[in-house]
1. Tell me, yes or no, whether region B:236-257 has at least one residue that is outside any helix (DSSP H, G or I), buried (at least 23 other Cβ atoms within 10 Å of the Cβ) and at pLDDT below 85.
2. Against the definition (closer than 16 Å to A:ALA172 by Cβ, free of Cβ contacts under 8 Å to residues at least 40 places away in the same chain, within 49 Å of the chain's Cα centre (by Cα) and not in a loop (DSSP other than H, G, I, E, B)), how does B:GLU73 come out, yes or no?
3. Restricting attention to region B:77-97, does a residue exist that is outside any helix (DSSP H, G or I) and closer than 30 Å to A:ALA172 by Cα?
4. Working carefully through the options B:VAL162, B:VAL188, find the one that is β-branched (Val, Ile, Thr) and touching a helix residue (DSSP H, G or I) at 6+ places or on another chain (Cβ under 7 Å).
5. Looking at (1) more than 10 Å from every other protein chain (Cβ to nearest Cβ); (2) surrounded by fewer than 16 Cβ atoms within 10 Å (Cβ to Cβ); (3) over 30 Å from A:ALA170 (Cα atoms), which is the only condition B:SER66 fails?
6. From the list B:VAL216, B:VAL204, pick out the single residue that is in a helix (DSSP H, G or I), within 24 Å of B:GLU133 (Cα to Cα) and away from every other protein chain (no Cβ under 14 Å).
7. Of the residues that make up region A:51-61, is at least one of a type in the set (Lys, Arg), buried (at least 19 other Cβ atoms within 10 Å of the Cβ) and within 9 Å of chain B (Cβ to nearest Cβ)?
8. Let me confirm something: among A:ASP30, A:ASP66, A:ASP85, A:ASP48, which residue is of a type outside the set (A, V, I, L, M) and more than 18 Å from the chain's Cα centre (by Cα)?
Amino acid sequence: MRQQDEGQLIQRARQGDLTALSELYNLHVDRIYKYVWYRTGDDQTAEDITAEVFLRAIEGLASYTDQGAPFIAWLYRIAHARIIDLWRGAKRRQTAPLDDPLLQDVLVETDEAIEIDFLQHRSLGAALRQLTDDQQNVIILKFVEGLSNAEIAQVLEKTEGAVKALQRRALATLARLLDQ
Amino acid sequence: MSDELDAILDGCLEDIAAGRETIASCLRRYPAQAEQLAVLLKTAEHVRAASPPAPMDIDKRLALESRLLQRAEHLRLRAAQRPAARPVPAWRRRFAVVAASFAMIVVLIGSAVSASASTMPGDVLYPVKRAVEQVRLTFAAEHQQTDLHVEFARRRLREFRVLAERGELATDLLDEISGETTAVLQQVPALPQDRQQAVLTSLVDFQDQQEQVLKVIASSAQGDAQARVMTALADSEAKRKQVADLLGRTAPPGDSPANVSPPPAAGGETQPAPAKPTVKPVSPDRPSLPDPRATIAPPATARKPTPKAEHTPPGQADKSTPHAPPGQVDKATPHAPPGQANKSIPHAPPGQGGKSKPHPLGEKPTKAPKP
């Protein structure tokens, strides 16, 4: 969608046009859900966070200002903040053994026995979630969501040079994790 | 060196994505970096080639959309009511504009500002005090405005109490108090999680103080003045319920977050309903705002004749009691406090796959959307 068209849609949504709001939602919900799903690896968590992202977006729409970035960049930032909150909350409650997510990810209960086989069950998603927060964002936004470096820079509020450096380090780390 | 590799890598990725190059052709183009590039480009290709997860369940997607539209409509209606919730007399608006300009000069000088801090309505420097408040509010960051509204409500209450002790019932101050607390309740949902609890607790403290003061005054007030005080008490009660509801939603970690299905019952703390004053209102009809200096009957031990408060003829509705109707807070949109998982629906902790079938990227099977 062109920036100008999107701007008009946002303006109409601000003025209470529910059709415009519905259109904004349907334009972006899949991408936000996909991003959150890759970051969390869980259906229910992804649904919950996606819901929160759009609820907060609606409540903050009146104060949203177009700073040259697409609307989805703002939504990604909200989603990112919620994911960080979720991780902090999980760490406080100590319900997730954050030091060994791969162990949890591959634990499979079968009729015969509980088997743990890193070679058999290692997944790209699990490896992805071993990266740093910024690295995960760059990989998902670039190679899954298809954003350009400039757009990623707007979402993460970094320079394009920083995005390229993150990209290289993320791919290098990911390659190392997948080869282990 | 790193910058050079970053640029080469990014260029190759872009060319490969556009179909202008292949991994092999890129490696031939950059033989010095081929060994490093090969690993990075293949990993990128691996990520790109992985199948995406299934989209959000269609029923939940539609349910979320419906919920969002309801929320938006609620916000729109609340915003439409806002101007009526804080009526400001025309003379005070004009006066505030003039005083604000004057206050800017006074701030630079400094001494008049500090001297005005303890003034009361009717004092010469009281307009300066109010103008400084407006300036503070204008230049405050969004997350600081709620604190200012609570502070200003406390000030108005203190002024009201002092004037009442002098035998004057400044009922317009009650309207202003209501306006300040309404502003707090409207702004709280937009605050960060850790700020919401603090602000709401501060508001509850203020409401306790306000109700104590109003109950004492209501017992000795008469006529229209008493009716105004009773109205203010009712407003405070209604807002106390809103605060309790909000406190219940912003409870510490461990509580359930938002969900697309109907929200859970509010389990937050509830405030006991304040005891209703024993004195009954004079009339259910609410006259318009009486003279701000309407008098109340002095204590029996020091009784002396005082002029009656002026009031508009009966039958005129009192439109000067701004407060959110009880239950106005949206109960259809529970917000998950940050960092809180949904306990009601068992699922794997973040970053960890569930027990679903293995999937290339996160081990999730592709499923067809429901019709």
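1. Among the residues of region B:236-257, at least one is outside any helix (DSSP H, G or I), buried (at least 23 other Cβ atoms within 10 Å of the Cβ) and at pLDDT below 85, which makes the answer yes.
2. Answer is no for this residue.
3. Within region B:77-97, not a single residue is outside any helix (DSSP H, G or I) and closer than 30 Å to A:ALA172 by Cα.
4. B:VAL188 is the lone residue from the list that is β-branched (Val, Ile, Thr) and touching a helix residue (DSSP H, G or I) at 6+ places or on another chain (Cβ under 7 Å).
5. Just one mismatch for B:SER66, condition (1).
6. One residue alone meets the criteria, B:VAL204.
7. yes
8. Among A:ASP30, A:ASP66, A:ASP85, A:ASP48, only A:ASP66 is of a type outside the set (A, V, I, L, M) and more than 18 Å from the chain's Cα centre (by Cα).
The values are calculated or read from the model by the stated rules, or taken from the named source; none is laboratory data. All figures in this text were calculated on a predicted structure; none of them were measured in a lab. No Cβ is skipped: glycine too gets one built from the backbone with ideal geometry, and neighbour counts run over all protein chains shown.
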